[in-house]
1. Is it the case, given these coordinates, that T40 is farther than 23 Å from S205 by Cα and under 19 Å from the mean Cα position of the chain (by Cα)?
2. Select from the range 230-249 the residues that are in contact with a Leu (Cβ under 6 Å, 6 or more places away or on another chain) and not aliphatic (A, V, I, L, M) and write down the one among them that is surrounded by the fewest Cβ atoms within 10 Å (Cβ to Cβ).
3. Looking at (1) in contact with a Lys or Arg (Cβ under 6 Å, 6 or more places away or on another chain); (2) closer than 28 Å to A161 by Cβ, find the lone condition where I55 falls short.
4. Got a number for residues in the range 221-253 being among the small types (G, A, S) and over 15 Å from C72 (Cα atoms)?
5. Do you know which residues across the range 170-187 are crowded, with 18+ Cβ neighbours inside 10 Å and either among the β-branched types (V, I, T) or closer than 13 Å to V204 by Cβ (or both)?
6. Inside the range 215-255, can you point out the residues that are of a type in the set (F, W, Y) and touching a residue at least 60 places away in the same chain (Cβ under 8 Å)?
Amino acid sequence: MEQQNPKNNKSIKLNVKEIFHDVWHYIVQNPRFITLLFATNMAFMLLFKAIPGGITNPLSIIWFIAYYIYWCFFYRYYYGLRPYIFSRALFASLNPSGKALLMIFLMGVFVAFLPMLPLLFGFNEVYLDIYERYLKSYDGISTANEIRASLGDALIFYSVAVLLLPPLICKPYLAWISSLRGINSSIAKVRQKTQGNYWQFVIVSAFLLYPDAFGTYFDQLLNCQGWIEYTTNTVVFVITNIIFAKIYDFFYIKN
C-alpha cells in the first residue's frame with residue numbers, strides 16, 4: 001500500500017492535542033531520563049549565566065558547542081542510534097542547523113527593528129512612550145509599573161514571533177532531526193511533508209514561547225535576578241525538544 005503523507009493525502013493533519021498527550025506519556029515513562037535532562041539543562045543555563053559578558057565573551061562559543069552536542073545526544077539517544085555523540089551524522093547536522101541559525105538571526109534582526117517601524121511612519125508622539133518603555137523593560141531598568149505595562153508589549157512581540165516560527169524555525173528544526181538520523185535532511189522535504197499544517201505549528205510555537213514571556217515578566221516583577229526566567233527556559237526547552245521529537249515521529253515515522 002502506498003504510504004500516505006501530506007503531499008498525496010491532504011486530510012493528514014497534525015493533531016496538537018495528541019502530540020501533547022504523547023509528550024506527557026514519554027515523560028511519565030522515562031522519569032529518570034527526563035529528570036537528568038532537566039538537571040543537565042539547568043546546569044547549562046547556570047553555566048551560561050556565570051560567563052562574564054554572556055554571549056559577547058569568546059568562552060560562550062565553547063558553551064554553544066557543548067550545548068549543541070548535548071541536544072544531538074538527546075535525539076541520537078531518543079532514536080537509539082549509536083554512537084550517541086561522535087558520529088558522521090553530527091557533522092552532517094551542521095548543514096540544516098546552520099541554515100536554521102541563519103534564519104533565527106534574520107528573524108531576530110527583523111523582530112528587533114519591528115518596534116521602530118511606527119516611529120519611521122511618523123507616530124512619534126503616540127508611540128514614543130511605548131517604545132521607550134519597551135527598551136527599558138528589556139534593559140532591566142523598568143519600574144514596577146513599567147514592568148506591568150510592558151507585559152502587553154512583550155506579548156505583542158512574542159505574537160509576531162509565533163507567526164514567524166513555523167516556516168523559519170520549526171521546519172528547519174525537523175530537517176535537523178532528520179540529519180541526526182542520517183536520512184534526507186532537506187528543508188524542501190520537510191515542507192512537502194508538513195504542508196497544510198501552518199496553524200498547528202503556530203499553536204505549538206505559542207505554547208513554547210509565551211511561558212518565556214511570562215517567566216521574564218515575573219522575574220522582573222519579583223526581582224528574582226533571572227532565576228524564574230532561567231528555570232522557565234530550562235523546563236520549556238526540554239519539553240520543546242520532546243515535542244519536536246514527537247512531531248517528527250508523526251510526519252516521518254507514523255505517516
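The values are calculated or read from the model by the stated rules, or taken from the named source; none is laboratory data. Predicted, not measured: the structure shown is a model, and the values here were computed from it. For neighbour counting, all protein chains shown are included, and Cβ atoms are generated from backbone atoms with ideal geometry for every residue, glycine included.
1. Details: farther than 23 Å from S205 by Cα: yes; under 19 Å from the mean Cα position of the chain (by Cα): yes.
It is true that T40 is farther than 23 Å from S205 by Cα and under 19 Å from the mean Cα position of the chain (by Cα).
2. T240
3. Looking at each condition in turn, I55 falls short on (1).
4. Taking the range 221-253 first, the residues among the small types (G, A, S) are 226, 245.
Filter once more, keeping what is over 15 Å from C72 (Cα atoms): 226.
Counting residues in the range 221-253 that are among the small types (G, A, S) and over 15 Å from C72 (Cα atoms) gives 1.
5. Pass one, the range 170-187, residues crowded, with 18+ Cβ neighbours inside 10 Å: 170-181, 185, 187.
Across the range 170-187, the qualifying residues are C170, K171, Y173, L174, I177, I187.
6. Taking the range 215-255 first, the residues of a type in the set (F, W, Y) are 217-218, 227, 230, 237, 244, 248, 250-252.
Y217, Y230, F237, F244, Y248, F250, F251, Y252, listed by residue number.
Conditions tested, residue by residue: (1) more than 24 Å from F74 (Cα to Cα); (2) out of contact with any strand residue (DSSP E or B) (no Cβ under 8 Å at 6 or more places or on another chain); (3) modelled with pLDDT under 95.
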| position | (1), (2), (3) |
| --- | --- |
| M1 | yes, yes, yes |
| P6 | yes, yes, yes |
| K10 | yes, yes, yes |
| D22 | no, yes, no |
| Y26 | no, yes, no |
| K49 | no, yes, yes |
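Each row is one residue, and each column tells you yes or no for (1) farther than 21 Å from Y230 by Cα; (2) surrounded by 12 or more Cβ atoms within 10 Å (Cβ to Cβ); (3) at pLDDT 90 or above; (4) out of contact with any Pro (no Cβ under 7 Å at 6 or more places or on another chain).
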{"site": "Y75", "(1), (2), (3), (4)": "yes, yes, yes, yes"}
{"site": "Y79", "(1), (2), (3), (4)": "yes, yes, yes, yes"}
{"site": "L90", "(1), (2), (3), (4)": "yes, yes, no, yes"}
{"site": "K99", "(1), (2), (3), (4)": "yes, yes, no, no"}
{"site": "V109", "(1), (2), (3), (4)": "yes, no, no, yes"}
